[in-house]
Amino acid sequence: MPIIDLRSDTVTKPTVGMREAMFSADVGDDVYGEDPTVNTLEAMAANLLGKEAGLFVPTGVMGNQLSIRLHTRPGDEVIIEASAHILRYEGGSASSLSGVQLCPVSGLRGLLSPETVEAAIRRPDLHTPSTTLLCLEQTHNVGGGSVYPLKTIHQLTDLARKYGLALHLDGARLFNASAKTGVSVAEYAAAFDTVSFCLSKGLGAPVGSVVVSDTGRIEKLRRLRKVFGGGMRQVGILASAGIYALENHVLRLTDDHANALVLAQQLQAISGVVIDVDAVETNMVMFQVPQSTKSTEQLLEECRESDVLLNAVGDRSFRAVTHLDVNLEDMKAAGEIFANVFACA
Ligand code: TLP
């Protein structure tokens, strides 16, 4: 049986069609702005998200960190949800690369409320750092692929504007949110100064993210990308995979969401598994097996021995992510293996 890899949607391999697009991509030196395929991808992304311009970057982390650098000065404070990717999984780069302090605010399944954000915004005071930026994450990874309702986004962004804060959206999985709700990515992006989204997750490209914004900010970000060591050359080879992903892999995201739900329903039927099926909104399934006599590592290893890969997100707490390279059959096979590994007597 081939391995069913549910560790992340980052594990997908480029399809034949995508590889063909990469093979025949027209390229040039992108540091000179001469790569036609990169220019096409950047314009396409900006257009889709309703912004003036885009910037192709190698990773989601770089998209976030360039944006943080753009919006802040050393010593500033950035309000962020306490389990956000920027805070947990970016190696402390906001402090090391931009010299800012992150102010964690807890959200419900990763989603912030206007009340708690307003309480965290610093008022002018000699002693305190200045709050200059609010970052949101859509969908929220650790929140279990949860989707910010557009109304909440508007409440939060209106509040941030009232206090003069800049706004960045880590939209690594923004297209999943849109596929779930039918709200366009442009509607989600509208209130933010900068939005970063990933091509290398559910969209199935091997590399790449795009930051979109207005023309002036993108020019500043382009310089910062060079400063951070992210100026790339004949990178149309990679941008072509991104174009292919946007043209071919957006509509199918609903399949990933349907598969996640099937997996969650199977997990719910296993004794000892704790899961909130209603919380499975997009392509992530979070579950716990608190009473298991086996350790987290042992549970992961037993799944691995049966050719199913998962990630742990805490003690006996797991994340399974659906994507382009797994199908409904795989969900059924994984469900059976989970029943063998996780069932508690
Ligand atoms: N997330 C990865 C890991 O880093 C945890 C994953 O497997 O989910 N923002 C969000 C919300 C993300 O989930 C990720 C990657 C990133 C940014 C960073 O993207 P890359 O890996 O391209 O730098």
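Scan region 114-134 and give yes if some residue there is touching a strand residue (DSSP E or B) at 6+ places or on another chain (Cβ under 6 Å) and within 15 Å of the ligand (Cβ to nearest atom), otherwise no.
The answer is no, given that none of the residues of region 114-134 is touching a strand residue (DSSP E or B) at 6+ places or on another chain (Cβ under 6 Å) and within 15 Å of the ligand (Cβ to nearest atom).
Can you tell which of T157, T194 is among the β-branched types (V, I, T), closer than 19 Å to R73 by Cα and open to solvent by less than 20 Å² (accessible area, probe 1.4 Å)? Quick ask: steps written out before the conclusion?
On the way: T157 fails: closer than 19 Å to R73 by Cα.
Answer to the selection: T194.
With the checklist (1) surrounded by fewer than 22 Cβ atoms within 10 Å (Cβ to Cβ); (2) of a type in the set (A, V, I, L, M, F, W, C); (3) out of contact with any Gly (no Cβ under 6 Å at 6 or more places or on another chain) in hand, flag the one item V285 doesn't pass.
Failed condition: (1).
Please tell me if S240 is of a type in the set (S, T, Y) and under 19 Å from the mean Cα position of the chain (by Cα). Lay out the reasoning, then the answer.
Numbers: of a type in the set (S, T, Y): yes; under 19 Å from the mean Cα position of the chain (by Cα): no.
So S240 does not fit the description; no.
For region 309-332, which residues satisfy the criterion of being in contact with a strand residue (DSSP E or B) (Cβ under 7 Å, 6 or more places away or on another chain), more than 15 Å from A260 (Cβ to Cβ) and open to solvent by less than 60 Å² (accessible area, probe 1.4 Å)?
Matches in region 309-332: L309, A312, R316, S317.
Could you list all residues from region 207-230 that are within 16 Å of the ligand (Cβ to nearest atom), part of a loop (DSSP other than H, G, I, E, B) and over 15 Å from the mean Cα position of the chain (by Cα)?
Once the filter is applied, which keeps residues that are within 16 Å of the ligand (Cβ to nearest atom), part of a loop (DSSP other than H, G, I, E, B) and over 15 Å from the mean Cα position of the chain (by Cα), region 207-230 yields F228, G229, G230.
Which ones in region 34-48 are away from the ligand (no atom under 16 Å from the Cβ) and open to solvent by less than 40 Å² (accessible area, probe 1.4 Å)?
Initially, region 34-48 is screened for residues away from the ligand (no atom under 16 Å from the Cβ), giving 34-40, 42-44, 46-48.
Across region 34-48, the qualifying residues are D35, T37, V38, E42, A46.
May I ask you to list the residues in region 139-154 that are among the β-branched types (V, I, T), open to solvent by 20 Å² or more (accessible area, probe 1.4 Å) and in a loop (DSSP other than H, G, I, E, B)?
Going through region 139-154, the residues among the β-branched types (V, I, T) turn out to be 139, 142, 147, 152-153.
This time we only want the ones that are open to solvent by 20 Å² or more (accessible area, probe 1.4 Å), so: 142, 152.
Once the filter is applied, which keeps residues that are among the β-branched types (V, I, T), open to solvent by 20 Å² or more (accessible area, probe 1.4 Å) and in a loop (DSSP other than H, G, I, E, B), region 139-154 yields only V142.
For (1) buried (at least 20 other Cβ atoms within 10 Å of the Cβ); (2) touching a Pro at 6+ places or on another chain (Cβ under 9 Å), each residue gets a yes or a no:
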position: G91; (1), (2): no, no
position: G99; (1), (2): no, yes
position: L112; (1), (2): yes, no
position: A119; (1), (2): no, no
position: D125; (1), (2): no, no
position: P129; (1), (2): no, no
position: E137; (1), (2): yes, no
position: Y163; (1), (2): no, no
position: A172; (1), (2): yes, no
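The values are calculated or read from the model by the stated rules, or taken from the named source; none is laboratory data. Bear in mind that the values here come from a model prediction, so they are computed numbers and not experimental data. We place every Cβ from the backbone using ideal geometry, glycine too, and count neighbours over all the protein chains shown. The area values use the complete protein model at the heavy-atom level, side chains included, leaving out ligands, DNA and RNA. Shrake-Rupley method; radii C 1.70, N 1.55, O 1.52, S 1.80 Å.
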